[in-house]
Structure formats: structure tokens, C-alpha cells
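Student: My questions will all concern the structure given below.
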Amino acid sequence: MDHIPVARPAIGQDEISAVTSVLESGMLASGDRVKEFEKKFADFCGSTYAVAINNGTAALHAALLAADIGHGDEVIVPAFTFVATASAVAMCGAKPVFADVDEQTFNILPAQIEERVTPKTKAVIGVHLFGQPFNIQAVQECCESHSLKLIEDAAQAHGALYNGQKVGGFGHFGCFSFYATKNMITGEGGMVTTSDKTYNERLRLIINHGQSEKYLHTRLGYNYRMTDINAALGIVQLKKLEKFNLRRRKNAEFYNANLSVQGLIIPTTAAGVSHVYHQYVVRLTEEFPLSRASFIDYLKAKGIGSAIHYPIPLHRQPLFGLDNNPDPCPVSTRLAGSVMSLPVHPLLDQKELTYICDTINRVK
Ligand SMILES: Cc1ncc(COP(=O)(O)O)c(C=O)c1O
């Protein structure tokens, strides 16, 4: 059996042709392909506007800046997520405040947000972690009652549904990443969705040097533009996204039905959501026969890739330099010590899925 990687980009001849035609056109910067991608992505998410950007971290940074987050402000974020959710807050000079997550769904707990609101709190970033929407209704209610902005970090959840509606269209902003392992990819890339005209205008200034007319700079901005090369890839990938997500869901269902080892807990899906399995994340308890490190080595020796998302919760990252006694986010700490991601990408075939389940079920 060949090595089965934990992630693999699904790129076909149509992506290659789309990129080639941009290269042949001579328009390599931000042009018509970017405009077309923005329009199609906004329609897909059900938002009025979508602003293409050069990665998901820049998407979060630009959204926070457009929401006027800056020095002295606090933004509540989950402790169990990728670092960019919180580092984007720090990039604005604001303070990320960490909230704990639900042990079953891995997503931010609304009650934890409520406990951490202070007069300095200006926004909440909820993360649809691993492709599963967080409890949007409860978080939205909390934000409304304290007049906070809601930013959805949908970097891992393109096309996921909450009560039948696509994520990215619920908050004041939705932030996406198209990094090479995501459910749809452009190499590096991102998008900010919003239905607010003023936010759309601010975002366009922020991503382009604060330039309101040629060489007239009305605010501090950045070069966060996407290129037509990336957008051409994104347009083709967006067409395939539903098919990719269906494959990911079917792969996850196969694992759910076939993985059976004591001490290995399969992921839980909340009611009312459609999970798009950016990652298939299991938890290992003390009853599991191997330590996590030995299990990873065992799978590697059998040609199966795996990963840990994420081994250190954000409140324990040296970057944030916090005193964590007593631990303010014990569930996140526990998850960081027990989770493991198995391959779930859309290119897995039936033989590989069966082989992975058989190999895992043989662990003693
Ligand atoms: C939850 C989350 N937020 C933000 C990002 C940042 O996206 P990018 O890597 O495109 O900057 C990622 C990327 O891995 C992510 O997983």
C-alpha cells in the first residue's frame, strides 16, 4: 500500500487550463478573474459582498480592522483553534481573550463567551472548527445583547450549513482561507464576506494600501490583494466544492460506521448542522491501547499519515504569555492532549478507507 497522506490537493486539468489561460493573458495581478471569483463566492455564501484577499490570516486581520478593533479592545476567541484566529487580534493591537470549547464538538461555548465579556470587549470570533458550524444562534444572541461584532472564522468550513444556510453569511464578517489543504484551494488565498456596504468599502481600502483613488491614500492599508492566477484556480474549485464536501462527508460516515477500538472516540455532529469535515478528528482516552505518539508511529509504519490539530491550546502558547493557573480553558488543554486527525480528503478511495479502518481496528 502506498503512503496515504493526511491531506492531498485535488487539482485537475481544468484548474491547470484556467491558470494557464491567466498566464497567457498577461494579466497576472488582480483583475477580472478576481472580480468573477468574488461575485461567485458571495452568491455561494448568500452574502451581498465578498472581498478576495491573499490568505485567511489577512482576511481575519482586515475584518477586525474594518470593524474598528484596535488598541485597548478585547476580542473573545476560542482557545482551541489555529493560531491565526488569535494572532490576527494581536496584529490590530487588541487583546485576544480565550474562551473554552465543548468537549464533543470542539467549538466555542456561548456560556464561556458570556463570562468573559467586559466593557472593553468589542467582538467575538467564532470558529467553525474542522468544518462543523459552532452554535451560531446562541453566539449571535450573546453578541447582540452586548453590542459586539461577530466574525465567523470559516477558514475550515466552506459550504458547511447551519439550519440549512451556508456559514460565512451569519456574522458581520465571514473569513475564509483557500490554503493548499483546505476544502477548496487557491494555493494561498482567502475571502471576506459581508452584507454591509460600509464594511465592504473599508475592506477594499484595507487590502489595497488605503488607496481611494490612484495614489490617494486615505487610511493605513496593506497589500493583501489576491492575484488573477489564484482567483482562476478558486473559480474552478468553487464549482467542485459541493462534490468535494460530499466525498469528505461519505469518508467520515465510513469511519463512523467502521472504526471500533476501545478508547477511540469518533467525532460528534451537533443537531441542525451539516459538517464538511475539513478534518476528521478522533479523541483517544486512557482505555486506548497505545499512547498518541505510539499510535502515530504505528500508522506511519503502515503508510498512513495523521496529524494533531492542535497540540497546544492557544492560551498556553508562549506568544500570548499568559499565567494559566488555574487553567481557564481546561477542556481545550485536555483536547490538545488527546485529539488526532485521520485522512478524510476527497481523493481517498474505498480500498484506502478500508485499509485505514482495518489497520486501526487491529490496534491492541
Ligand atoms: C481556523 C483557521 N483560521 C485561520 C486560518 C488562516 O488561514 P491562512 O493559512 O490562509 O492564513 C486557518 C488556516 O489554517 C485556520 O485553520
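Student: Filter region 155-168 down to residues that are small (Gly, Ala, Ser) and out of contact with any Cys (no Cβ under 8 Å at 6 or more places or on another chain) and give me whichever is surrounded by the most Cβ atoms within 10 Å (Cβ to Cβ).
Tutor: In this case the residue turns out to be 157.
Student: Check region 102-124 and report whether any residue there is within 15 Å of the ligand (Cβ to nearest atom), hydrophobic (A, V, I, L, M, F, W, C), crowded, with 18+ Cβ neighbours inside 10 Å and over 27 Å from residue 38 (Cα atoms).
Tutor: Yes: one or more hits.
Residue by residue, here is whether (1) among the aromatic types (Phe, Trp, Tyr); (2) in a helix (DSSP H, G or I); (3) within 16 Å of the ligand (Cβ to nearest atom); (4) surrounded by 23 or more Cβ atoms within 10 Å (Cβ to Cβ) holds:
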residue: 7; (1), (2), (3), (4): no, no, yes, no
residue: 14; (1), (2), (3), (4): no, yes, no, no
residue: 33; (1), (2), (3), (4): no, yes, no, yes
residue: 57; (1), (2), (3), (4): no, yes, yes, yes
residue: 60; (1), (2), (3), (4): no, yes, yes, yes
residue: 86; (1), (2), (3), (4): no, yes, yes, yes
residue: 89; (1), (2), (3), (4): no, yes, yes, yes
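Student: Criterion first (in contact with a strand residue (DSSP E or B) (Cβ under 9 Å, 6 or more places away or on another chain) and among the aliphatic types (A, V, I, L, M)) does residue 265 satisfy it?
Tutor: yes
Student: Name every residue in region 125-137 that is out of contact with any Leu (no Cβ under 9 Å at 6 or more places or on another chain) and more than 16 Å from the ligand (Cβ to nearest atom), in order of residue number.
Tutor: Within region 125-137, just 137 meets the criteria.
Student: So if I check each of 260, 274, which one is exposed (fewer than 15 other Cβ atoms within 10 Å of the Cβ) and at pLDDT 95 or above?
Tutor: From the options 260, 274, the qualifying one is 260.
Student: Something else: When only residues in region 35-55 that are within 14 Å of the ligand (Cβ to nearest atom) and in a loop (DSSP other than H, G, I, E, B) count, which is farthest from residue 154 (Cα to Cα)?
Tutor: Of everything passing the filter in region 35-55, 54 is farthest from residue 154 (Cα to Cα).
Student: Residue under question is residue 98, and the condition is that it be within 15 Å of the ligand (Cβ to nearest atom), modelled with pLDDT of 95 or more and either in a loop (DSSP other than H, G, I, E, B) or surrounded by fewer than 16 Cβ atoms within 10 Å (Cβ to Cβ) (or both); does it hold?
Tutor: No.
Student: Further, regarding this structure: Could you check residue 22 against (1) touching a helix residue (DSSP H, G or I) at 6+ places or on another chain (Cβ under 8 Å); (2) part of a loop (DSSP other than H, G, I, E, B) and say which number it fails?
Tutor: (2)
Student: Tell me, which strands (runs of 3 or more DSSP E) wholly within region 141-258 include 1 or more residues that are in contact (Cβ under 8 Å) with a residue 60 or more places away in the chain, more than 16 Å from the ligand (Cβ to nearest atom) and within 25 Å of residue 80 (Cβ to Cβ)?
Tutor: Output list reads 149-153.
Student: Condition first: buried (at least 20 other Cβ atoms within 10 Å of the Cβ), of a type in the set (Val, Ile, Thr) and in contact with a Phe, Trp or Tyr (Cβ under 6 Å, 6 or more places away or on another chain). Can you find one or more residues in region 169-187 that meet it?
Tutor: yes
Student: A further question on this structure: Of 69, 76, which residue is buried (at least 20 other Cβ atoms within 10 Å of the Cβ), in a loop (DSSP other than H, G, I, E, B) and either away from the ligand (no atom under 14 Å from the Cβ) or at positive phi (or both)?
Tutor: That would be 69, the only listed residue that is buried (at least 20 other Cβ atoms within 10 Å of the Cβ), in a loop (DSSP other than H, G, I, E, B) and either away from the ligand (no atom under 14 Å from the Cβ) or at positive phi (or both).
Student: Let me ask something else. I need every pair where a residue in region 340-364 that is aromatic (Phe, Trp, Tyr) has its Cβ under 8 Å from the Cβ of a residue that is in a loop (DSSP other than H, G, I, E, B), sequence separation at least 6 or different chains.
Tutor: Filtered contacts from region 340-364: 355/1.
The values are calculated or read from the model by the stated rules, or taken from the named source; none is laboratory data. All values derive from a computational prediction rather than experimental measurement. Quick reminder, even Gly has a Cβ in these numbers, built from the backbone with ideal geometry, and neighbours come from all protein chains shown.
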